[in-house]
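Trainee: Below: one structure in structure tokens.
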Amino acid sequence: MNAVLPRFLKSTYRREPLVSALITMGIVEALIGGFDNSWSLFAFGLGTAGITLAWRWWRIQQSRPLPEEPVVQHYLPSRSSTSALPLLTVSKKKPPL
């Protein structure tokens, strides 16, 4: 099995648990209805999954904001006005015994 599909499904279930559960329920009902020759259950399952997908697609379309360029706010200047600090030198003294 492709390694991307399980990762995609896990991230989708974590992001939208209600939508994922409704789609799974609809698909399972459609499968049970199709194998059991219960066309009302099959139609109900397809309707549940279809309405859930349509609702999710509609929510995605409604929530897309126009991309705006963020205003960059610098708290410090790019260059320091003072000179750099002098380097510290370590004396080569032997430590006391």
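No value in this document is a laboratory result; all are computed from the given coordinates. Everything numeric here is computed off the predicted structure, so don't read it as measured data. Glycine gets a Cβ as well: all are built from the backbone with ideal geometry, and neighbour counts include every protein chain shown.
Trainee: Based on the Cβ-Cβ distance of SER78 and ARG7, what FRET efficiency does E = 1/(1 + (r/R0)^6) give at R0 = 41 Å, to the nearest 0.05?
Mentor: Result of the calculation: an efficiency of 0.50.
Trainee: Residues with beta-carbon under 12 Å from that of ARG56, excluding ARG56: net charge, scoring Lys, Arg +1 and Asp, Glu -1?
Mentor: Residues close to ARG56 contribute a combined charge of +1.
Trainee: Determine the calculated [θ] at 222 nm for the chain from helices alone, applying -39500 (n - 2.57) to every DSSP H run no shorter than 4 residues and normalising by the residue count; nearest 500 deg cm²/dmol.
Mentor: The per-residue figure over the chain is -19500 deg cm²/dmol.
Trainee: Through the Karplus equation 6.51 cos²θ - 1.76 cosθ + 1.60, θ set to phi - 60°, convert the phi angles of region 45-50 into ³J(HN,Hα) values in whole Hz; use x for Gly and Pro.
Mentor: x, 5, x, 4, 5, x
Trainee: For Cα pairs less than 8 Å apart in space and 6+ apart in sequence, what is the mean separation divided by the residue count of region 1-91, i.e. the relative contact order in percent?
Mentor: Answer for region 1-91 is 19 percent.
Trainee: Please state, as a whole number in µm²/s, the translational diffusion coefficient that the Stokes-Einstein equation yields for the chain at 4 °C and 1.567 mPa s, with Rh defined as the Kirkwood radius across alpha carbon pairs.
Mentor: Result for D is 65 µm²/s.
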